[in-house]
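Novice: Sending over a structure as structure tokens; questions will come in a sec.
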Amino acid sequence: MREAGRWRFDLRPGLPALSAFPRGEWQAATRAGLAALSDDQLGYPDPQGLPALRAELAAYLGRVRSLRAGDVVVTHGVAEGQALLAALLKADGHREIGVESPTHPGSAEVFAAHGVRPVPVPVDEEGISVEHLARTGCRAVLVTAAHQFPLGVVLGPARRRALLAWARECDGLVLEDDYDAEHRYDRPAVGPVHTLDRDRVAYLGSVSKVLAPALRLGWLVAPPALHERVVERKRLSDLGCSPLPQAAFAHLLRTGGYDRHLRRSRQLYRRRRDALIDAVADALPAWRPHGVAAGLHLVLRLPDGADDAALERALARRGVHAPRCPGTR
């Protein structure tokens, strides 16, 4: 295996175009955000998050994702939101959580590290199989409903209704990672499951796929019954996120910089996706794209009988990092 950064072409999923990060706008937002902070706000932060950012996030999520997010909690990315919820699940007696199969291995690792065993639940063209989920005995599940990682399918309307019916029947909790929802290229993204039942769905999001993972900025909108416990767990975990990047992000949201960057990056990724699909169709017509026109990666189904592991090794020898879908064989 080559060292990180030594690939001629690194096609790992999950990373935005880091060279497109709006450095100038972020620097200006940092200066403006710092100027807006009071002296008191340079002390230990509110564990729920900077009030200015919570207000901007609530307005943004309401406008873009039709979400009622008055009780948003600012986190260090989606991973911390998952960790906070995993700790609460464990404290409430949960020992297992359903996870889509395949899924992002990092998410499964977070829950396992907190003593909540991930149980694979198959995914098909309509998303997670609620029928299989019900047979696991789990009372919590993690889903990527808007754009399933890594297969790229969308959780269909019937499955959404079935998922919420399952949660109500077993007194369960749905953890919705709104992964890649901003990057839909053929039509507006579907709304979050959270909008259908905020008492049964915890909503998670971050800037990692729009700006950069290095910012470590995310948000969690928990069901009202869990909100205070989430904030207290956050306080005991790290005393809250730094107000400085929060203030910068609040400024970027308030002045429209985040929307402008999203429009630019969406156009960039659409061009890249179209170019890749055209190249594959021309050179490898038997390879079929899978999933909807969305996201930062493209899944290709190889012809029957192809050895994907051997192909991955052959590409690596040529300096191309093109990993198989995690969790697949």
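The values are calculated or read from the model by the stated rules, or taken from the named source; none is laboratory data. What you are looking at is a predicted structure, and each value in this text was computed from that prediction instead of being measured. Backbone-built Cβ (ideal geometry, glycine too); neighbour counts: all protein chains shown.
Novice: Among the residues of segment 78-90, is there at least one that is free of Cβ contacts under 8 Å to residues at least 24 places away in the same chain and more than 18 Å from the chain's Cα centre (by Cα)? Can you show your working first?
Specialist: Filtering segment 78-90 for residues free of Cβ contacts under 8 Å to residues at least 24 places away in the same chain gives none.
Checking segment 78-90: not a single residue is free of Cβ contacts under 8 Å to residues at least 24 places away in the same chain and more than 18 Å from the chain's Cα centre (by Cα).
Novice: So, of the residues in segment 311-329 that are of a type in the set (A, V, I, L, M, F, W, C) and part of a loop (DSSP other than H, G, I, E, B), which turns out to be farthest from the chain's Cα centre (by Cα)? Steps first, please.
Specialist: Taking segment 311-329 and keeping what is of a type in the set (A, V, I, L, M, F, W, C), we get 311, 314-316, 320, 322, 325.
Subset that is part of a loop (DSSP other than H, G, I, E, B): 322, 325.
Details: Ala322: 21, Cys325: 16 Å.
Among those that are of a type in the set (A, V, I, L, M, F, W, C) and part of a loop (DSSP other than H, G, I, E, B), it is Ala322.
Novice: Ile97 passes all but one of (1) outside any helix (DSSP H, G or I); (2) touching a residue at least 24 places away in the same chain (Cβ under 8 Å); (3) of a type outside the set (S, T, N, Q); (4) surrounded by fewer than 23 Cβ atoms within 10 Å (Cβ to Cβ); which number fails?
Specialist: (4)
Novice: Continuing with the same structure: Which of the residues that make up segment 51-68 are among the hydrophobic types (A, V, I, L, M, F, W, C) and within 19 Å of Ser208 (Cα to Cα)?
Specialist: Selection gives Leu53, Leu57, Ala58, Leu61, Val64.
Novice: Another one. Report yes if Val110 is touching a residue at least 40 places away in the same chain (Cβ under 8 Å) and surrounded by 16 or more Cβ atoms within 10 Å (Cβ to Cβ), otherwise no.
Specialist: In short, no.
Novice: Filter segment 234-246 down to the residues that are more than 21 Å from the chain's Cα centre (by Cα) and in a helix (DSSP H, G or I), then identify the one that is farthest from Val174 (Cα to Cα).
Specialist: Looking at the filtered set, the residue picked out is Leu244.
Novice: Looking at segment 248-264, can you tell me whether even one residue there is over 20 Å from the mean Cα position of the chain (by Cα), among the hydrophobic types (A, V, I, L, M, F, W, C), part of a loop (DSSP other than H, G, I, E, B) and at pLDDT 95 or above?
Specialist: The answer is no, given that none of the residues of segment 248-264 is over 20 Å from the mean Cα position of the chain (by Cα), among the hydrophobic types (A, V, I, L, M, F, W, C), part of a loop (DSSP other than H, G, I, E, B) and at pLDDT 95 or above.
Novice: I've got another one for you. Yes or no: Leu268 buried (at least 19 other Cβ atoms within 10 Å of the Cβ) and either farther than 24 Å from Val154 by Cα or under 22 Å from the mean Cα position of the chain (by Cα) (or both)?
Specialist: Here the answer is no, as Leu268 does not meet what is asked.
Novice: Give me a count of the residues in segment 273-298 that are touching a residue at least 12 places away in the same chain (Cβ under 8 Å) and assigned to a helix (DSSP H, G or I).
Specialist: 4
Novice: Checking the conditions here, which among Thr136, Thr144 is polar (S, T, N, Q), more than 25 Å from Pro289 (Cα to Cα), in contact (Cβ under 8 Å) with a residue 40 or more places away in the chain and out of contact with any helix residue (DSSP H, G or I) (no Cβ under 7 Å at 6 or more places or on another chain)?
Specialist: Testing whether each residue is polar (S, T, N, Q), more than 25 Å from Pro289 (Cα to Cα), in contact (Cβ under 8 Å) with a residue 40 or more places away in the chain and out of contact with any helix residue (DSSP H, G or I) (no Cβ under 7 Å at 6 or more places or on another chain) leaves just Thr136.
Novice: While we're here: If the requirement is being more than 27 Å from the chain's Cα centre (by Cα), over 30 Å from Pro245 (Cβ atoms) and at pLDDT below 95, which of these qualifies: Asp308, Asp278, Asp304? Steps first, please.
Specialist: Values: Asp308 fails: more than 27 Å from the chain's Cα centre (by Cα); Asp278 fails: at pLDDT below 95.
Matching residue, one of Asp308, Asp278, Asp304: Asp304.
Novice: Scan segment 1-17 and give yes if some residue there is modelled with pLDDT of 95 or more and closer than 21 Å to His183 by Cβ, otherwise no.
Specialist: no
Novice: While we're here: How many residues does segment 132-164 hold that are outside any loop (DSSP other than H, G, I, E, B) and of a type in the set (Gly, Ala, Ser)?
Specialist: Selection size over segment 132-164: 4.
Novice: While we're looking at this one, here's another question. I need the full set of residues from segment 214-233 which are assigned to a loop (DSSP other than H, G, I, E, B) and within 19 Å of Tyr258 (Cβ to Cβ), in order please.
Specialist: Once the filter is applied, which keeps residues that are assigned to a loop (DSSP other than H, G, I, E, B) and within 19 Å of Tyr258 (Cβ to Cβ), segment 214-233 yields Arg216, Leu217.
Novice: Go through segment 186-244 and count every residue that is in contact with a strand residue (DSSP E or B) (Cβ under 6 Å, 6 or more places away or on another chain) and hydroxyl-bearing (Ser, Thr, Tyr).
Specialist: Final tally of qualifying residues: 2.
Novice: Could you list all residues from segment 166-209 that are of a type in the set (A, V, I, L, M, F, W, C), at pLDDT 95 or above and assigned to a loop (DSSP other than H, G, I, E, B)?
Specialist: Initially, segment 166-209 is screened for residues of a type in the set (A, V, I, L, M, F, W, C), giving 166-167, 170, 173-175, 181, 189-190, 193, 196, 201-202, 204, 207.
Pick out the ones that are also at pLDDT 95 or above and you get 166-167, 170, 173-175, 193, 196, 201-202, 204, 207.
The answer is Cys170, Val207.
Novice: If you take the residues of segment 103-156 that are at positive phi and at pLDDT 95 or above, which of them is farthest from the chain's Cα centre (by Cα)?
Specialist: Gly137
Novice: Next question, about the same structure. Quick one: count up the residues across segment 299-319 that are farther than 29 Å from Leu262 by Cβ and touching a residue at least 60 places away in the same chain (Cβ under 8 Å).
Specialist: So the answer is 3.
Novice: State yes or no: is Pro122 free of Cβ contacts under 8 Å to residues at least 40 places away in the same chain, exposed (fewer than 13 other Cβ atoms within 10 Å of the Cβ) and in a strand (DSSP E or B)?
Specialist: On the way: free of Cβ contacts under 8 Å to residues at least 40 places away in the same chain: yes; exposed (fewer than 13 other Cβ atoms within 10 Å of the Cβ): yes; in a strand (DSSP E or B): yes.
When the stated conditions are applied, Pro122 passes them.
Novice: Does segment 282-300 hold any residues that are surrounded by 12 or more Cβ atoms within 10 Å (Cβ to Cβ) and either within 27 Å of Leu18 (Cα to Cα) or among the acidic types (Asp, Glu) (or both), and which are they?
Specialist: Answer for segment 282-300, where residues must be surrounded by 12 or more Cβ atoms within 10 Å (Cβ to Cβ) and either within 27 Å of Leu18 (Cα to Cα) or among the acidic types (Asp, Glu) (or both): Pro289, His290, Gly291, Val292, Ala293, Ala294, Gly295, Leu296, His297, Leu298, Val299, Leu300.
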